[in-house]
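Asks: What follows is a structure written as structure tokens; I'll ask about it next.
The values are calculated or read from the model by the stated rules, or taken from the named source; none is laboratory data. Note that the structure is a prediction, hence the values are computed from the model and not measured. Backbone-built Cβ (ideal geometry, glycine too); neighbour counts: all protein chains shown. When the accessible area is computed, the model is the full protein with side chains, heavy atoms only, and any ligands, DNA or RNA have been set aside. Shrake-Rupley method; radii C 1.70, N 1.55, O 1.52, S 1.80 Å.
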Amino acid sequence: MNQPSSASARLGSVRPKTRAGGRALVVELGGIVGSSRQANLTTTSGSGGPRLAGCDLRHARISISVRAPHNRAKVGMSDDTRVNNSAGAGFEAVVTAAASRGLGGLLPPEELRTLARALAGDPSVALDRLSALMAEHADIASRKGDVGGLDARFADPAWHDNPLLNMVARSYVASSEAVLDILDEVDVDWRTRERLRMPVDNLLAALAPTNNPLLNPAGWKEALDTGGASILRGFANFARDMSGPTKLPSSVDRADFVLGETIAATPGKVVRRERLYELIEYLPQTEEVDAVPVLLTPSPVNKYYLVDLEPEHSIVAAHLREGRRVFVPSWVQPDASHADVGFEAYVASLVEALESVAEISGSERVHLLGLCGGGQVALMTAAYLAAVDRQDLLATLTLGIAVVDFDEAHTMAFLDEETGERAVAQARERGVFSAADTARSFAMMRPAEGIWSGVVNNYVMGRRPPKLALLYWASDQTNMTAQFGSDMIGTALANGLTKPGGVTILGQPLDTRQITVDTYVLGASTDHISPWKHCFRTLAMVGGERTFVLAGGGHAIAISRPPEHRKSMHWTGEITGTDPDAWLEAAEKHAGSWWRHWSEWISTRTPDKVPAPTEPGSAAYPPLCDAPGEYVRVVLT
């Protein structure tokens with residue numbers, strides 16, 4: 001365990017990196033000065049005024065030099081980059097996609113008018129930056145310079161060695177940075193800024209010279225090396241991708257992935273099947289198992305096998321080897337017949353699953369672990385059990401990479417009453433929030449990785465996409481029921497889960513603070529849809545003993561990366577308040593993923609072992625078929 005001298009050094013890419021010559025926000029409050037890395041400053045329209053950490057600052061003295069640069073992803077198309085920025089992200093992605101209106105969200109007229117008024121009111125923001133850009137272009141024209149180190153899309157040596165290509169690449173990078181700086185610095189509210197970021201990011205990503213087959217030197221080399229075959233393959237790849245439901249470049253080569261054989265292959269049995277789920281019991285791999293079993297709950301808007309990828313990336317298999325007794329609900333692929341299924345039905349299903357696990361195992365308590373959207377359902381389930389005085393069914397509660405406090409969450413930049421009503425009305429016509437629409441909108445949230453990297457790889461280079469199990473899982477899309485989406489949007493708009501009685505389930509007003517079992521909260525360090533600081537807020541919403549762990553990586557990769565992986569890391573620390581930055585400053589970095597830490601956390605709370613069962617299921621719940629079951633095999637076309 002090494003402990004670097006500063007939190008920014010420990011966390012690395014989590015905090016925005018200031019470029020050479022970049023400038024940071026300085027906030028002065030009544031004579032006390034701090035940087036943007038200690039303060040979270042936002043401005044609101046109307047009489048609300050700016051706020052800092054929830055405090056009204058209308059009468060404070062505030063001086064701002066320049067806003068801190070946005071944390072801009074650089075596209076190198078390593079496997080980690082693809083996975084970190086392209087793998088699915090649960091309810092937040094679905095809701096954001098629905099609210100952002102897909103292609104319609106690329107030209108938000110009201111936000112464009114707000115931007116125009118702000119620039120007209122203070123043109124120096126743009127003029128100063130454009131003046132600096134002109135000086136940069138003069139320097140670019142006078143000499144060659146490094147570009148691959150600035151943006152990994154330009155890693156090919158020709159972008160450095162060829163004077164014309166070098167000038168094109170550096171001019172693009174400099175111009176992109178200037179546009180993003182102006183967007184960061186202009187005096188608009190946070191919602192307007194985030195809504196404008198999508199069209200700006202998409203425009204800049206589309207204009208990258210690497211996308212142009214006439215300019216991309218790697219594309220020319222590939223064409224020469226293959227005698228033109230790469231060009232023909234590129235056309236064939238384009239035709240194949242445009243025949244798919246999303247009309248996006250394929251992100252993964254699906255060949256060789258077979259459910260139940262090469263992926264989702266950990267031995268187990270389906271022991272219960274209901275309208276919304278199949279309950280899988282995994283076969284033990286040790287002579288003794290924990291007396292208290294685990295119900296590992298994935299997101300209802302993703303296929304369950306994120307927790308059971310290849311054997312070396314399977315959370316399920318890892319915990320079976322630790323002597324855990326593991327059950328997983330495999331959620332149904334919703335269609336129009338499930339339009340009426342909302343929060344209450346999913347919570348009721350999870351309560352059923354908990355009761356079934358308790359009956360099969362003979363244990364009075366069950367560890368409930370919810371990941372992504374499954375964490376949101378798990379929190380509501382725990383709050384419901386607390387409301388009906390049945391919390392003793394739970395041994396512990398784990399909420400992994402799940403945002404439940406939506407105050408200024410990424411989702412809320414796109415979501416308001418009008419967009420929410422429009423999204424719900426459209427979903428009710430279909431019966432579902434369409435997975436294809438979600439995939440397109442999610443790709444536009446990270447266009448360089450979600451769209452244009454595939455354009456270069458599949459069409460310019462004429463190559464097949466990579467064979468990565470995590471990308472295969474992300475491409476195996478799922479719908480979300482119309483009622484669940486309606487419930488989710490209503491809860492996000494009202495931030496209902498943070499308020500006692502803000503959400504009612506099966507006639508019971510929920511109050512998450514009544515949850516008194518020990519709670520483990522997990523965040524992902526580079527997750528852009530479910531930021532770890534938003535996950536940290538969950539600690540203030542539950543009672544009992546609380547533990548927070550920060551896993552290294554993006555949304556899905558942080559969940560699936562095993563302890564042995566060379567890039568696996570996590571941070572732990574004592575919880576002394578509600579400030580995530582203060583927690584991080586005191587946190588300790590560890591090699592290895594969070595899996596092992598969570599396993600030890602479980603063992604200290606329920607250490608008792610019993611002989612492993614010889615047969616899965618019980619008289620009440622006999623095995624129905626082999627894992628992975630039937631529901632997971634339903635694929636959208």
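Asks: Kindly list the number of the only condition in (1) part of a loop (DSSP other than H, G, I, E, B); (2) of a type in the set (A, V, I, L, M); (3) surrounded by 19 or more Cβ atoms within 10 Å (Cβ to Cβ) that fails for residue 198.
Replies: So the condition that residue 198 fails would be (1).
A quick yes/no check of all residues on (1) of a type outside the set (Lys, Arg); (2) in contact with a helix residue (DSSP H, G or I) (Cβ under 8 Å, 6 or more places away or on another chain); (3) closer than 30 Å to residue 226 by Cα; (4) crowded, with 20+ Cβ neighbours inside 10 Å:
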site: 421; (1), (2), (3), (4): yes, no, no, no
site: 428; (1), (2), (3), (4): no, yes, no, no
site: 431; (1), (2), (3), (4): yes, yes, no, no
site: 448; (1), (2), (3), (4): yes, yes, yes, yes
site: 474; (1), (2), (3), (4): yes, yes, no, yes
site: 478; (1), (2), (3), (4): yes, yes, no, yes
site: 486; (1), (2), (3), (4): yes, yes, no, yes
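Asks: Among the residues of the range 533-548, which ones are closer than 23 Å to residue 391 by Cβ and assigned to a helix (DSSP H, G or I)?
Replies: Within the range 533-548, 535, 537, 538, 539, 540, 541 qualify.
Asks: Grab the strands (runs of 3 or more DSSP E) fully contained in the range 549-630, keeping just those with 3 or more residues being free of Cβ contacts under 8 Å to residues at least 40 places away in the same chain, in contact with a Lys or Arg (Cβ under 6 Å, 6 or more places away or on another chain) and open to solvent by 40 Å² or more (accessible area, probe 1.4 Å).
Replies: Passing ranges: none, list empty.
Asks: Continuing with the same structure: Identify all residues within the range 228-250 that are surrounded by fewer than 17 Cβ atoms within 10 Å (Cβ to Cβ) and more than 20 Å from residue 156 (Cβ to Cβ); write none if there are none.
Replies: 232, 235, 236, 238, 239, 240, 242, 243, 244, 245, 247
Asks: Taking the stated definitions as given, is residue 405 open to solvent by 10 Å² or more (accessible area, probe 1.4 Å) and either under 24 Å from the mean Cα position of the chain (by Cα) or among the basic types (Lys, Arg) (or both)?
Replies: Criteria met by residue 405.
Asks: Moving to a separate point now. Looking only at the range 135-149, which residues are of a type in the set (Gly, Ala, Ser), over 37 Å from the mean Cα position of the chain (by Cα) and either modelled with pLDDT under 90 or over 10 Å from residue 167 (Cα atoms) (or both)?
Replies: Passing the criteria: 135, 138.
Asks: While we're looking at this one, here's another question. So in the range 513-532, with the set limited to residues that are β-branched (Val, Ile, Thr) and part of a loop (DSSP other than H, G, I, E, B), which one is nearest to residue 445 (Cα to Cα)?
Replies: Looking at the filtered set, the residue picked out is 529.
Asks: Another question about this same structure. Take the range 122-153 and flag every residue that is over 24 Å from residue 198 (Cβ atoms) and in contact (Cβ under 8 Å) with a residue 24 or more places away in the chain.
Replies: 132, 136, 137, 140, 141, 145, 147
Asks: A further question on this structure: In the range 201-221, which residues are buried (at least 21 other Cβ atoms within 10 Å of the Cβ) and of a type in the set (A, V, I, L, M, F, W, C)?
Replies: 205, 208
Asks: List the number of the failed condition for residue 275; all other conditions in (1) over 12 Å from residue 462 (Cβ atoms); (2) part of a helix (DSSP H, G or I) hold.
Replies: (2)
Asks: A further question on this structure: When residues of the range 476-491 are filtered for being in contact with an Asp or Glu (Cβ under 9 Å, 6 or more places away or on another chain) and among the β-branched types (Val, Ile, Thr), how many remain?
Replies: 2
Asks: For residue 402, are the conditions met, namely being in the same structural domain as residue 533 (by the TED database) and either small (Gly, Ala, Ser) or part of a loop (DSSP other than H, G, I, E, B) (or both)?
Replies: yes
Asks: Could you check, for the range 376-396, whether at least one of its residues is in a helix (DSSP H, G or I) and farther than 24 Å from residue 509 by Cβ?
Replies: No; the residues of the range 376-396 include none that is in a helix (DSSP H, G or I) and farther than 24 Å from residue 509 by Cβ.
Asks: So, in the range 251-285, of the ones that are in contact (Cβ under 8 Å) with a residue 40 or more places away in the chain and of a type in the set (Val, Ile, Thr), which residue ends up surrounded by the most Cβ atoms within 10 Å (Cβ to Cβ)?
Replies: 280
Asks: Of all the residues that make up the range 617-637, how many are modelled with pLDDT of 95 or more and either among the polar types (S, T, N, Q) or more than 25 Å from residue 559 (Cβ to Cβ) (or both)?
Replies: Qualifying residue count, the range 617-637: 9.
Asks: Going through the range 412-449 one residue at a time, which ones are under 19 Å from residue 200 (Cβ atoms) and either acidic (Asp, Glu) or modelled with pLDDT of 85 or more (or both)?
Replies: 447, 448, 449
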